[in-house]
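Colleague: I'd like to ask you about the structure that follows.
The values are calculated or read from the model by the stated rules, or taken from the named source; none is laboratory data. Everything numeric here is computed off the predicted structure, so don't read it as measured data. Here Cβ is always computed from backbone atoms with ideal geometry, including for glycine, and neighbour counts include all displayed protein chains. When the accessible area is computed, the model is the full protein with side chains, heavy atoms only, and any ligands, DNA or RNA have been set aside. Shrake-Rupley method; radii C 1.70, N 1.55, O 1.52, S 1.80 Å.
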Amino acid sequence: MAELPENPGSQIPPDHTGASAPPFQPVAPQYQQVVPPIPGAPPPPPPPAKSGGGGVLKIILIILGIMAFLVLLVVCMLAYACHKVKQSFHTDSKTGETSLSIPGMSVNADSGKKFTSSELGVDIYPGADPSKSGNLRMNIAGSSVVSATFTTSDSKDKVVDFYKDKLGSNSTSMDFGESAILTEKKSDQDQVSITISQKSNEDEGKTKFVIQHTTVKKAN
């Protein structure tokens, strides 16, 4: 059998230094061999789910839970406060007097209650009739407000002139036609205000006036 000539590609010529170049080294291919699935084998497990979305959802649920708890707490507090105020109201079935008493505050409203001139801080217009509503006494932290309503057949202007004379030069007055407001500030703790009005469609055309006396407890 005849000898085959040598492969000229295997004879690598020397470089310029005279040394022979290293033999050819094959390089492994840069890809991953794909193994075909085996018939009847179970499918590979799915990749694990990312935890980022679940963490955000948990935070949102926690915030919503806290907000719901705060809303429920406020509703319970309001319901309790309304219940306490309702328990504090008392109406006398005989006299019709309504009273409210809570720590630091008391209110008494009585349609038939009559106040004296000293309680109102000014004289009552001669011949005036006490009204069936608008009479009350309120005490708050030592300060008090006494209010009484009256009616008279005399004109509004006549009642205004009477109280201008009674309140004196230190008083102030504002006239709005059908109504007028007179105020006397006796001191920083004592003030009297009188609202006088006359309307043809109210109180049978009579003049109505409300006296309000406010006394404030002096700070220590």
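Colleague: Quickly run through the stretch 149-186 and pick out the residues that are under 11 Å from Gly121 (Cβ atoms), open to solvent by less than 50 Å² (accessible area, probe 1.4 Å) and either modelled with pLDDT of 95 or more or part of a strand (DSSP E or B) (or both).
Modeller: Scanning the stretch 149-186 gives a single hit, Glu184.
Colleague: Of the residues Asp154, Asp190, Asp175, which single one is within 19 Å of Phe115 (Cα to Cα) and of a type in the set (Asp, Glu)?
Modeller: Numbers: Asp154 fails: within 19 Å of Phe115 (Cα to Cα); Asp175 fails: within 19 Å of Phe115 (Cα to Cα).
That would be Asp190, the only listed residue that is within 19 Å of Phe115 (Cα to Cα) and of a type in the set (Asp, Glu).
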